[in-house]
Amino acid sequence: MSSPSMDNGQLTPETVPTTVGIDIRVESPQTLNRDAWDAFVSEHEAATPYHLSAWILGVERAYGHQCYAVMAYRGSTLCGVLPLTYIRRPVGRGVLVSLPFCDVGGTLAGDEVVHHALIEAARGLAADCGLNGFELRHRGAAIPGDGETAPIKVSMQRALPGDSDTLLGQFKAKLRSQIRKAEKNGLTGEVRTDVSALDAFYPMFAENMRRLGSPVHGIDWFRELLAAYGDRFRIGLVYYGDQVVGGGIVLMNARSACIPWASTLPEYNRLAPNMLLYWRLLSHVCDDGAEWFDFGRSTLGEGTYRFKKQWGAAPFQLDWQQWTLDGLNENEHPAAPSPIARWVRELVERGWRQLPLSVTRWLGPRIRKYITL
């Protein structure tokens, strides 16, 4: 089983290989041959569920951002893809990014020549959009050891065995006990793919996002993703009686699964709904053939990092490349916010929590569409 790391190189105009023989085609998600694109993504070992055509299709339909499906061909053979989104902001300069609203994206290519051809295409699109560059979000190498000394953002990944019984046996006794405790507390869980499950998830999620002080994606965003991903969009729900007390959304491709959104109601946290939620989702995708589970972004050493680590997740670098029209400008590992930035964020979050829930559900999506993370 190979690592989910991406080796994308750091090319400059002086060191890039030739792109002779590579044909670049750019289409919108609406006109794209989605079967061909998704078949290529499904076979690429570095692909994530975000690379599937469903993501940019959902972005375009829900928020109206212009999306591009960049494809590299040798003859008639598809040999590389790069999904991009242009977010035109009402104030200030827009951004061209692969990909928005998630941690990773970037090129999927068979070799360095194809990778360079895709980069050149992105540079041309940035110029056409009147931008001076673009951003690619790649997942890098695993961080050796505990790696908890630097407050940087990382991607938490866990390799999965072939079935959920083996997975359960790999957990420490304390973790298995916490899962059983949730069940003994009367919680039940299920994984579904229907829109009514999404409708059950969203009110709890929206309420929790207000409590966290963060603008929430609109229900239309999730409905468009569900329509685009189909049965690759899984909704985990945890109940206490008839009350939904926790939920999470998992996206899948042929090799991996990721969980972009999860929430529980704090007044029920004493019952450990998050433990049952993650177990139901992990066991489900494991039995469905997923080889890797992406727990999402965390700051080394903080609470969410420790929560994910107990499930056997390991930190991988997040290499977010800032390209200009002249070449690679930065390759950075996202850092935790500075004390001043954290203070400002906490101030904004405190004000957001004071707003009525109805206001945050109306205003949140109108702000959230311009926040690329």
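Once a ≥ b ≥ c are taken as the square roots of the eigenvalues of the Cα gyration tensor of the chain, is the result rounded (a/c under 1.5), prolate (a/b larger than b/c) or oblate (a/b not larger than b/c)? It comes out prolate by the Cα gyration axes.
Filter the trypsin sites (Lys or Arg not before Pro) in the range 57-129 to those in DSSP coil with at most 12 other Cβ atoms within 10 Å of their Cβ, and list the result. Answer in residue order: 93. Each of residue 367 and residue 176 was given a label point 7 Å from its Cα along the Cα-to-Cβ line. The distance between the two points is 4.5 nm. Measuring from label point to label point, each 7 Å out along Cα→Cβ, what is the residue 112 to residue 243 span in nm? Each label point is offset 7 Å from its Cα along the Cβ direction, giving 5.9 nm. Comparing mean-square fluctuations of 329, 253, 274 from a GNM of the chain with C-alpha springs under 10 Å, the top value falls on 329. Treating each Cα of the range 194-273 as an identical point scatterer and summing with the Debye formula, the log10 of I(q)/I(0) at q = 0.15, 0.17 Å⁻¹ comes to -0.53, -0.67.
For residue 99, the amide hydrogen comes within under 5 Å of the amide hydrogens of 104, 105, 106, 137, counting only partners 5 or more places away or on other chains and with H modelled in the peptide plane. The number of Lys pairs in the chain with C-alpha atoms less than 26 Å apart, excluding pairs fewer than 8 positions apart on the same chain, is 15.
Relative contact order, whole percent, for the chain stands at 22, derived from Cα pairs under 8 Å and 6 or more residues apart. Subtracting the Cα-Cα distance of residue 269 and residue 329 from 0.36 nm times their residue separation leaves 17.2 nm of extension gain. Modelled spin labels at residue 358 and residue 27, positioned 7 Å past Cα toward Cβ, are 4.5 nm from each other.
Averaged over its residues, the range 131-247 has an accessible area of 43 Å² per residue, based on protein heavy atoms and a 1.4 Å probe. Please give the residues of the range 355-373, grouped as numeric ranges, whose backbone N is less than 12 Å from a label point set 7 Å along the Cα-to-Cβ vector of residue 341. In the range 355-373, the label zone of residue 341 (backbone N under 12 Å from the point 7 Å along Cα→Cβ) covers no residue. Multiplying the residue separation of residue 211 and residue 163 by 0.36 nm and removing their Cα-Cα distance gives an extension gain of 13.7 nm.
Does the range 274-373 classify as rounded, prolate or oblate by the C-alpha gyration tensor (a ≥ b ≥ c root eigenvalues; a/c under 1.5 gives rounded; else a/b over b/c gives prolate, otherwise oblate)? The shape class here is oblate.
Could you tell me whether the range 158-204 comes out rounded, prolate or oblate from its Cα gyration tensor? Rule is a ≥ b ≥ c as square roots of the eigenvalues, rounded for a/c under 1.5, then prolate if a/b exceeds b/c, otherwise oblate. The shape class here is oblate. Apolar share of the accessible surface for the range 14-150: 48 percent from carbon plus sulfur atoms, 1.4 Å probe. For the pair the range 157-195 and the range 228-294, the centres of their Cα atoms are 10 angstrom apart.
The values are calculated or read from the model by the stated rules, or taken from the named source; none is laboratory data. Computed from a predicted model, the values in this text were never measured in an experiment. Neighbour counts run over all protein chains shown; Cβ positions are idealised from the backbone, glycine included. Heavy atoms of the whole protein, side chains included, go into the accessibility calculation; ligands, DNA and RNA do not. Shrake-Rupley method; radii C 1.70, N 1.55, O 1.52, S 1.80 Å.
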